[in-house]
Amino acid sequence: MPYITVGQENSTTIDLSYEDHGTGQPVVLIHGFPLDGHSWERQSAALLDAGHRVITYDRRGFGQSSRPATGYDYDTFAADLNTVLETLDLRDAVLVFDGVVTAVKADRYAYYTDFYKDFYKDFYNLDENLGSRISEEAVRNSWNVAAAGGFFAAAAAPSTWYTDFRADIQAIDVPALILHGTGDRILPVEATGRPFHKALPSAEYVEIEGAPHGLLWTHAEEVNDALLAVLGK
């Protein structure tokens, strides 16, 4: 697994694990909390088949990347991403972000046990999708990734949750796609996706009927169709 160095903590470098496949216009897939770059695997395959270069990476504190004690704020996340773009010399790249969900508990293992039983219930809307759109194995794998995340990343996550980006929306001057599931129980579309589109009316807006927060897996085909439609323009 290759790594990109994005900083240093005392005597230790801070390295991000990444994957870089394919040719063509680069598409960088940025995962959300508490997952890693593999959360995009169903999108990566479709994008590669469509002729794109696909880059995924594990953000600091997650997956195979370093787990420093600091740097879990959006300015540092953005700086890390910029280093990835510059190191790989990515030009005319498309950035695709997954939502960020945050939480912290003193007893992480006990927390993630409840997280698996309760949070993922709504993350994937398991009462509707388990066995049809997502398997028990896939849910368990998500839990394993979350439970293995770095302690400092989990502890620092709540402070980023309250970051207010509304004043920055008007600065977005590139083509954008806002994609949201109408069945999202974590970040309901009425409170997030729709107001976001109202604030950025120039963006293309797609709602996937009934899709939960974890729609990258449960509604992968619909997500891929929306991404490829925009990339094809």
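Just a few scattered comments:
- Test for Tyr205: is it of a type in the set (Ser, Thr, Tyr) and touching a Gly at 6+ places or on another chain (Cβ under 6 Å): no
- Any hit, segment 56-79, residues being under 24 Å from Thr218 (Cα atoms), surrounded by fewer than 21 Cβ atoms within 10 Å (Cβ to Cβ) and touching a Gly at 6+ places or on another chain (Cβ under 6 Å): no
- Those strands (runs of 3 or more DSSP E) lying entirely in segment 4-98 with at least 3 residues touching a residue at least 40 places away in the same chain (Cβ under 8 Å): 12-21, 26-30, 94-97
- Residue in segment 36-49 that is surrounded by fewer than 18 Cβ atoms within 10 Å (Cβ to Cβ) and over 17 Å from Val223 (Cα atoms) present: no
- Test: residue in segment 122-134 that is surrounded by fewer than 18 Cβ atoms within 10 Å (Cβ to Cβ) and in a strand (DSSP E or B): yes
- Applying the set (1) buried (at least 17 other Cβ atoms within 10 Å of the Cβ); (2) in contact with a Gly (Cβ under 9 Å, 6 or more places away or on another chain); (3) under 25 Å from Ala155 (Cβ atoms) to Glu9 leaves exactly one unmet item: (1).
- Filter result (small (Gly, Ala, Ser), outside any loop (DSSP other than H, G, I, E, B) and either modelled with pLDDT of 95 or more or under 23 Å from His219 (Cβ atoms) (or both)) within segment 166-198: Gly181, Gly193
The values are calculated or read from the model by the stated rules, or taken from the named source; none is laboratory data. Source: prediction; values computed, not measured. Positions of Cβ are generated from backbone atoms using ideal geometry, with glycine treated the same way; all protein chains shown enter the neighbour counts.
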